Amino acid sequence: MPTGFDRRDLASLQRRLAALGRDAPEVSRLALNDMAFAVHAENKKLIAEAFEQPTPFTLNAFVVRKATAASLSAVVERKPAQRGRHYLETQETGGKRGQTGFERLLSQRLKYSGIIQAVLPTKRLRRNRYGNVSPGVAQQILSAVQAQGDAANNTTAASAKRVGARRAGYFVPSEESRLSAGVFERRGKRIRKVLAFSDHMPGYTPRFPMEERARDVAAAAAPEAFERALARTLKRSR
């Protein structure tokens, strides 16, 4: 949920605002925006504490909708999720996350009789600096196992021959194979499992107390935010 601030958050300062007369809305607007940006900065710190090597996308997952003269309310909110429940909401409240786009394609396009809810990287998978499957590797896997959203992007015998041994190959074992369910990487004669299939989605415990922390930060920032806003407003009115 977005965290919003309105003049009720400045209840202890209302008497001083009332004495300002026509300058009160401007002081409120500036103070509320300062409080919102304080919460926004704290969210970045909290994300850095809660997640190991968070991506820039995660660090910048929140935006500030500033208070205006017409609407004295400042809001710190998550950027809209591309689809379904926002992944940070799961980290805040706990529970099961939604499928990633990569998982959806494998569950819907792959010729596999089992159920694929989650796809879990093994220790053998090469990952990017943030510990995730890189987009390039994900696309190579989808193409190799014939699971691209556009079938024209799937690997063909001709395209595989052109690449040759320069690139790793990926495959999903047949049901008759002694290999476990998942995606395997082939480099020459070496085969290793890089992704495991799971028929259930992993659950998460709450570890991102955004709303609780936001209210504490807003309350702590309010007095100084008000003083700065008052000083700026009085300076402009001289």
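The values are calculated or read from the model by the stated rules, or taken from the named source; none is laboratory data. From a predicted model like this one, the values you see are computed outputs, not experimental measurements. As a convention, Cβ positions derive from the backbone with ideal geometry for all residues, glycine included, and neighbour counts pool all protein chains shown.
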Note to self: From the list ALA74, ALA36, ALA50, ALA67, exactly one residue is in contact (Cβ under 8 Å) with a residue 24 or more places away in the chain and over 20 Å from GLU224 (Cβ atoms). Which is it?
What the structure shows: ALA50
Next item on the list: Please list, ordered by first then second residue, the pairs with beta carbon atoms under 7 Å, 6 or more apart or interchain, first in the range 201-226 and more than 15 Å from HIS40 (Cβ to Cβ), second in a loop (DSSP other than H, G, I, E, B).
Entry: MET201/ARG97; MET201/GLN117; TYR204/GLY94; TYR204/ARG97; THR205/GLY94; PRO206/GLY94
Next item on the list: Report, by residue number, each residue of the range 190-201 that is of a type in the set (D, E, K, R), exposed (fewer than 15 other Cβ atoms within 10 Å of the Cβ) and either in contact with a Phe, Trp or Tyr (Cβ under 9 Å, 6 or more places away or on another chain) or at pLDDT below 90 (or both).
Entry: ARG192
Next item on the list: May I ask you to list the residues in the range 184-200 that are in contact (Cβ under 8 Å) with a residue 60 or more places away in the chain and in contact with a strand residue (DSSP E or B) (Cβ under 6 Å, 6 or more places away or on another chain)?
Entry: GLU185, ARG192, LYS193, VAL194, LEU195, ALA196, PHE197, SER198
Note to self: Looking only at the range 202-238, how many residues end up being surrounded by 15 or more Cβ atoms within 10 Å (Cβ to Cβ) and either closer than 30 Å to ALA181 by Cα or out of contact with any helix residue (DSSP H, G or I) (no Cβ under 9 Å at 6 or more places or on another chain) (or both)?
What the structure shows: 1
Next item on the list: Filter the range 44-54 down to residues that are modelled with pLDDT under 90, assigned to a helix (DSSP H, G or I) and over 12 Å from the mean Cα position of the chain (by Cα), then give me how many there are.
Entry: 4
Check: (1) within 14 Å of the chain's Cα centre (by Cα); (2) among the aromatic types (Phe, Trp, Tyr); (3) more than 30 Å from ALA36 (Cα to Cα): which one isn't true of TYR130, the others all being true?
Finding: (3)
Item checked: Yes/no for GLU175 being surrounded by fewer than 12 Cβ atoms within 10 Å (Cβ to Cβ) and acidic (Asp, Glu) -> yes
